Amino acid sequence: MEQFILTQNVRIDLDDRSYGIDIGSCLLAGLADHKALPAGTGALVVTNDTVQPLYGAQLTAELARRYPAVHTVVLPDGEEYKTWEALQRIFDELLGQACDRKVVLFALGGGVIGDMTGFAAACYMRGVPFVQVPTTLLAQVDSSVGGKTAINHPLGKNMIGAFYQPRLVVCDLETLDTLPARELAAGLAEVIKYGPIADMELFAWLEQNMDGLLARERGALAHAVRRSCEIKAAVVGADEREAGLRAILNFGHTFGHAIEAGMGYGVWLHGEGVAAGMVMAAELSLRLGMVDAAFVARLRALIERAGLPVRGPVIDAQDNAGRYLELMRVDKKAEAGEIRFVLIDGPGKAVMRPAPDALVREVIDACCAA
């Protein structure tokens, strides 16, 4: 693999809750000496049974140089385990080890681990510090940044959670070397998302560098992670609790979350749902006269190059569009049962607005697999 040693930093500006995002190689080594690491009486590493054999021992050994006691809880890997039961195992470990309110939680894994660890940190003793150590591309460019924490409910994704910011995010690009190709592609969906909503220069860069990203070239990955974090940092800094602007980060997610819930959590990866969802949202934007067909085709082509689906699944053979609409009404952006979509109002600019059910049905019928 191409080497990339220089550490870059992106800052999330949230007054007394501000923190840094470190991006580089070999960041797990020497983490105990990081000046931004919270002081504490102990540490709890939350990870899953896929990541633990790869990086668990390295992180716990490193943290043992900093904290008097280091504990680990290993959860099953997969979106289908983002549940109350898995969350309870984190609390069981904290209470079983008599951890006090000066314990520091470390989320070592992808978006599921990061979301659950953050939610546990927000709840335990009404709030303890936590650090994000994302090991997937999707988590590095999106879910580890911004303080959204949650678990899933059978009726909706991420419906139970809290806004709770980490103290530090450490994106060690070396952890992406062990990421399965499907997971890498899923992460690229969240990178692609930033282009249509905020930065078409990034979109053009992705068109030119997709092969390098798929080959895991360090320099290309570093740029993609840094630019994604810069865009998200700017949006979160302006609208931490999603009162308005931050909702644009959910481009493709309204359709995508319906896919995940409708298919059963874990059948489609989050990024796969977002990818197909972006095509649907772009098609809806086209039919509302907000973008042209050339933009939709360009977006679809880039998503395909990343190895991602551009057609949604059929989740109900009897009334597929009806089932999508039913699931999307549970989305957090819905208001009084009215679905609000993140749409593209010209390349590089996103807006939120409702759309007629009849038109949404047409889009779903056109964009789902036969």
**Report entry** Dimensions in Å of the stretch 8-178 - Rg and Dmax from alpha carbons
**Finding:** 14.4, 43
Query raised in the report: Once the dipole of the stretch 195-367 is set up with Lys and Arg at +1 and Asp and Glu at -1 on Cβ about the Cα centre, which of Leu213, Tyr324, His223 lies farthest towards its positive end?
Result: His223
Query raised in the report: With the contact rule set at Cα under 8 Å and sequence spacing of 6 or more, what percent relative contact order holds for the stretch 207-366?
Result: 22
Query raised in the report: Taking the chain as a Gaussian network, where each spring joins two C-alpha atoms under 10 Å apart, which residue of Asp319, Asp239, Asp142 fluctuates the most?
Result: Asp319
Report summary line: Given the candidates Phe255, Thr41, Val296, the one whose Cα lies deepest towards the positive end of the charge dipole of the chain, counting +1 at each Lys or Arg C-beta and -1 at each Asp or Glu C-beta, is Thr41
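Dipole size in debye (nearest 20) for the stretch 82-236 around its Cα centre, Lys and Arg Cβ +1, Asp and Glu Cβ -1? Provide the component values of the computation, followed by the final result.
Working: 15 positive and 17 negative charges, 105 e Å.
The calculation lands at about 500 debye.
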Report task. Identify which of Leu44, Leu308, Leu214 has the largest mean-square fluctuation in a Gaussian network model of the chain, with springs joining Cα atoms closer than 10 Å. Result -> Leu214
**Report entry** Coordinate range along principal axes, alpha carbons of the stretch 195-367, Å, largest first
**Finding:** 47, 33, 32
**Report entry** Contact order normalised by residue count of the chain, Cα under 8 Å, 6+ apart, percent
**Finding:** 16
Report summary line: One quarter of the C-alpha convex hull surface, i.e. the mean projected area of the chain in nm², amounts to 16.8
Report task. Using a Gaussian network model of the chain whose springs link C-alpha atoms within less than 10 Å, name the residue from Asn152, Asn48, Asn320 with the highest mean-square fluctuation. Result -> Asn320
Query - DSSP bridge pairs, the chain: antiparallel proportion in percent, nearest 5 - result: 40
Query - For the stretch 8-178, share of DSSP beta bridges that run antiparallel, in % to the nearest 5 - result: 30
Requested in this report: Over 20 Å between C-alpha atoms is what I'm after, so list which of Lys102/Lys148; Lys35/Lys232; Lys82/Lys232; Lys193/Lys333; Lys35/Lys148 land there.
Outcome: Lys102/Lys148; Lys35/Lys232; Lys82/Lys232; Lys35/Lys148
Query raised in the report: Magnitude of the Cβ-charge dipole of the stretch 8-178, K/R +1 and D/E -1, about the Cα centre, nearest 20 debye?
Result: 540
Query raised in the report: Each residue of the stretch 129-135 in turn: what ³J(HN,Hα) in whole Hz from Karplus with 6.51, -1.76, 1.60 and θ = phi - 60°, glycine and Pro shown as x?
Result: x, 9, 10, 8, 10, x, 10
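Over the stretch 8-178, what is the relative contact order in percent, taking alpha-carbon pairs closer than 8 angstrom and at least six residues apart?
26
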Query raised in the report: How far is it, in nm, from the label point at Arg101 to the one at Leu245 when both lie 7 Å from their Cα along the line to the Cβ?
Result: 3.3
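Suppose every K and R has +1 on its Cβ and every D and E has -1 on its Cβ; what is the size of the dipole of the chain about the Cα centre, in Debye to the nearest 20?
Working: 35 positive and 46 negative charges, 128 e Å.
With only Lys, Arg, Asp and Glu charged at Cβ, the dipole is about 620 debye.
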Query raised in the report: Once the dipole of the chain is set up with Lys and Arg at +1 and Asp and Glu at -1 on Cβ about the Cα centre, which of Ala186, His153, Gly114 lies farthest towards its positive end?
Result: Gly114
Report task. Kindly provide the helix-only [θ] at 222 nm of the chain, computed as the sum of -39,500 (n - 2.57) over DSSP H runs of four or more divided by all residues, to the nearest 500 deg cm²/dmol? Result -> -13000 deg cm²/dmol
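None of the figures in this text is laboratory data; all of them are computed from the coordinates on show. Source: prediction; values computed, not measured. Methodologically, a virtual Cβ is constructed for each residue, glycine included, from the backbone with ideal geometry; neighbour enumeration extends over all protein chains shown.
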